[in-house]
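Comments concern the structure below.
Derivation of every value follows stated rules applied to the coordinates shown; laboratory data play no part. Please read these numbers as outputs of a predicted model, since none were measured by experiment. Note that each Cβ is placed from the backbone with ideal geometry, even for glycine, and that neighbours are counted across all protein chains shown.
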Amino acid sequence: MEIGEKLKNARNDNGLTQEQVAAEIGVSRQSVSNWENNRAYPDIVSVIKLSDLYSVSLDDLLKEDKKMIEHLDEATNEVKSRRWLSKLIEVGSFLVVWAVTAMTFWAGAAEGSNAMSYSILALYIVMPVSTLVISFIIGADRGWNKLKWLMVLFFGMALIMTDMETFGIKWLSTLETVSATDFFLTFKPMYFVIGAVVSALGIGTGTVVRSKKIKKQTE
């Protein structure tokens, strides 16, 4: 028996109309009709909602319907691909801002009295704001799961590197010889802490917003 017939039988057993089912799980009546007539397959979220609504196990709904199982497998792989793509876009967007900040500095902003102003702009406005925005997006993106908290370390190191490419390297360039001690003096833990704290704030806020949105949808 295909899943469409199982869904129709389960709905009738529960004394529900297609309109009532659609309202309960948040889809259109046409979608419910298409599922029951095997013109389309429900996604995994809808299958779970239907399973709860009809008090029928997922195993009973999916058993013996190879096409439905293949559909869910393809949908799962597509979701995974999209999640990886979103991660690349989020991290890539931040790296573009970081790279543009560096190139702008060395393309002329580092000349004369502009160097200090630009360094302050990059370290205390551009990069922290970029960190906060991208971190918020990462926190709101369910694809990251617990991995998102490792990004706190990434953003902390990014701000240290921003300092090195502005204040740090500019200072080193004034020395006739550069020792290992001189180089390591450019690592300032303070900037790591700032980047990490701003990132944690963004990720935490994004996570809370996403949790509230999911809770609202399930109420």
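Numbers for the structure displayed
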| item | result |
| --- | --- |
| Viscosity 1.567 mPa s, 4 °C: Kirkwood-radius Stokes-Einstein D of segment 6-47 over Cα pairs, µm²/s | 127 µm²/s |
| Neighbour net charge for THR17 - beta-carbon separation under 15 angstrom, K R +1, D E -1 | -1 |
| Those trypsin sites (Lys or Arg not before Pro) in segment 1-41 that DSSP places in a loop and that have at most 12 other beta carbons within 10 Å | ARG39 |
| Proximal charge balance of GLY206 [Cβ under 13 Å; K/R count +1, D/E count -1] | +3 |
| Difference of contour (0.36 nm per residue) and Cα-Cα distance, ASN12 to VAL209 | 67.1 nm |
| Potential lengthening between ILE89 and ILE120 on full extension [0.36 nm per residue; Cα-Cα distance subtracted] | 8.5 nm |
